[in-house]
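Bear in mind these aren't lab numbers, they're just calculated from the coordinates by the rules spelled out. Note that the structure is predicted; figures quoted are calculated from it, not measured. Ideal geometry is used to build each Cβ from the backbone, glycine not excepted, and the neighbour counts take in all protein chains shown.
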Amino acid sequence: MKNNYSYIRFGDFAEIQPSIKISRGTKCGFIPMEAVNPSCKYVYPAEEKKYDGSGVKFENDDIVFARITPCLEHGKIAVVKGLRENKGFGSSEYYVFREREGVSYRDYIYYLAISPIVKGNAIVSMVGASGRQRAQKDVIENTTVKVPDLPTQKRV
């Protein structure tokens with residue numbers, strides 16, 4: 001069976017920081033950085049909190065990707081699960097990745113995110129004060145990834 005691979009910018013393959021609306025005062029799942037276990041693919045809300053307007057918003061099946069040192073180096077990257085009403089929020093130190101319909105599959109994005117291709121490029125892009133460095137979104141968006149067609153992504 002022949003696989004069709006293409007080279008694409010990660011930002012064209014995965015939606016980065018998708019727009020999500022949560023009204024202030026809405027109670028929803030909260031996922032702090034401490035809840036992300038590098039040895040687990042999935043992360044579930046640690047608690048329900050009222051959204052106060054701060055933090056990164058996400059939905060079930062989105063991927064949270066730590067953007068700050070040392071969390072990124074430790075592999076704090078996970079697929080969000082278990083949100084009531086499909087909405088939640090967490091640390092402002094996450095980037096959120098989401099599949100693009102007809103282009104990418106969530107699990108394949110996750111595997112790219114934990115790979116040296118995306119994670120490694122993000123780590124070397126870090127800037128800021130020592131101990132509080134952050135990965136640069138534009139570097140992640142512009143990272144070129146080699147991806148198979150959608151049916152192959154789903155089989156992987």
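Going through region 95-156, which GluC sites (Glu not before Pro) have at most 14 other Cβ atoms within 10 Å and a DSSP loop state? It would help to have the intermediate numbers written out before the result.
Working: sites: 99, 101, 141; in loops: 101.
Sparse-neighbourhood loop GluC sites (Glu not before Pro): 101.
Report the longest stretch of the chain that contains none of the trypsin sites (Lys or Arg not before Pro) sitting in a DSSP loop with at most 10 other Cβ atoms within 10 Å. Kindly include the intermediate steps, with their values, before the conclusion.
Numbers: sites that count: 2, 21, 24, 132.
By the stated rule (loop sites, at most 10 other Cβ atoms within 10 Å), 25-131.
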Reach of residue 87 by Cα under 16 Å, taken over lysines that are not fewer than 8 positions away in the same chain | 21, 27, 49, 50, 57
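Once the Cα gyration tensor of region 32-156 is diagonalised, what are the square roots of 5 times its eigenvalues, in whole Å and ordered largest first, as equivalent ellipsoid semi-axes? Kindly include the intermediate steps, with their values, before the conclusion.
Working: eigenvalues 96, 82, 29 Å².
Computed over region 32-156, the values are 22, 20, 12 Å.
Given a cut-off of under 8 Å on Cα pairs at least six residues apart, what relative contact order in percent is computed for the chain?
Numbers: 325 pairs, mean separation 48.1, N = 156.
Once divided by the residue count of the chain, the mean separation gives 31 percent.
With n ≥ 4 as the cut-off for DSSP H runs, can you work out [θ] at 222 nm for the chain, using -39500 (n - 2.57) per run divided by the number of residues, rounded to the nearest 500? Before the final figure, lay out the partial values.
Details: 5 runs with 29 residues, N = 156.
The per-residue figure over the chain is -4000 deg cm²/dmol.
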